[in-house]
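Data block below; observations after.
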Amino acid sequence: TLGTPHSGSKLAALAPGRLARHLLPCSTIFSLLRQAPPLEGLPCAAFVSPEDDAVLPTSHLLPPESWRLRITRPVSHFSMLLCPDIADAVLAEVNEMAGVASEPPYVAVRQVLP
């Protein structure tokens, strides 16, 4: 996951729309997630910025204990999606979990794109 509010965000109360209500810490979805059994045998990682500006309290960014926690450099919640170094870290993590060689297959594509 990337900047996911694993326990919801109090700031969702300020967002418009029905979807935002589902991101409140007291919503049904987070109650169900807390009751769900751990994902056995499935590698999981959460990338968390120490400066997330959309999840309050920031402790709600923390994943379940069985997950790998990866702290990124300080970036805002939404800009995580656009940071090449964080994308590289995510791809490296996925490759490591899959047992793939350290050189990711997207390098050649990057050389072609501006």
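The values are calculated or read from the model by the stated rules, or taken from the named source; none is laboratory data. What you see is a predicted model; the values in this text were computed from it and never measured. Please note: Cβ atoms are built from the backbone with ideal geometry, for glycine as well, and neighbour counts cover all protein chains shown. Just so you know, the surface numbers come from the protein's heavy atoms only, side chains and all, with ligands and any DNA or RNA stripped out. Shrake-Rupley method; radii C 1.70, N 1.55, O 1.52, S 1.80 Å.
For (1) in a loop (DSSP other than H, G, I, E, B); (2) closer than 10 Å to G3 by Cα, each residue gets a yes or a no:
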position	(1), (2)
C26	yes, no
S31	no, no
P43	yes, no
A46	no, yes
S59	no, no
E65	yes, no
S76	yes, yes
M80	no, yes
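So which residues in the range 6-61 are over 25 Å from N95 (Cα atoms) and among the acidic types (D, E)?
Passing the criteria: E51, D52, D53.
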#### Entry: Looking only at the range 35-50, and only at residues there that are in contact (Cβ under 8 Å) with a residue 12 or more places away in the chain and surrounded by fewer than 13 Cβ atoms within 10 Å (Cβ to Cβ), the one that is nearest to L69 (Cα to Cα)
P50
### Query
Only one residue in H60, H22 is open to solvent by 90 Å² or more (accessible area, probe 1.4 Å) and at pLDDT 90 or above. Which one?
H22
### Query
Among the residues of the range 70-96, which ones are surrounded by 15 or more Cβ atoms within 10 Å (Cβ to Cβ) and touching a Lys or Arg at 6+ places or on another chain (Cβ under 9 Å)?
C83, I86, A89, V90, E93
#### Entry: Unmet requirement for P43, which otherwise passes all of (1) out of contact with any helix residue (DSSP H, G or I) (no Cβ under 7 Å at 6 or more places or on another chain); (2) farther than 20 Å from H77 by Cβ
(1)
### Query
Of all residues in the range 3-19 being part of a loop (DSSP other than H, G, I, E, B) and more than 22 Å from I86 (Cβ to Cβ), which is least open to solvent (accessible area, probe 1.4 Å)?
G8
### Task
Of the conditions (1) touching a residue at least 40 places away in the same chain (Cβ under 8 Å); (2) open to solvent by 40 Å² or more (accessible area, probe 1.4 Å), S66 clears all except one; give me its number.
(1)
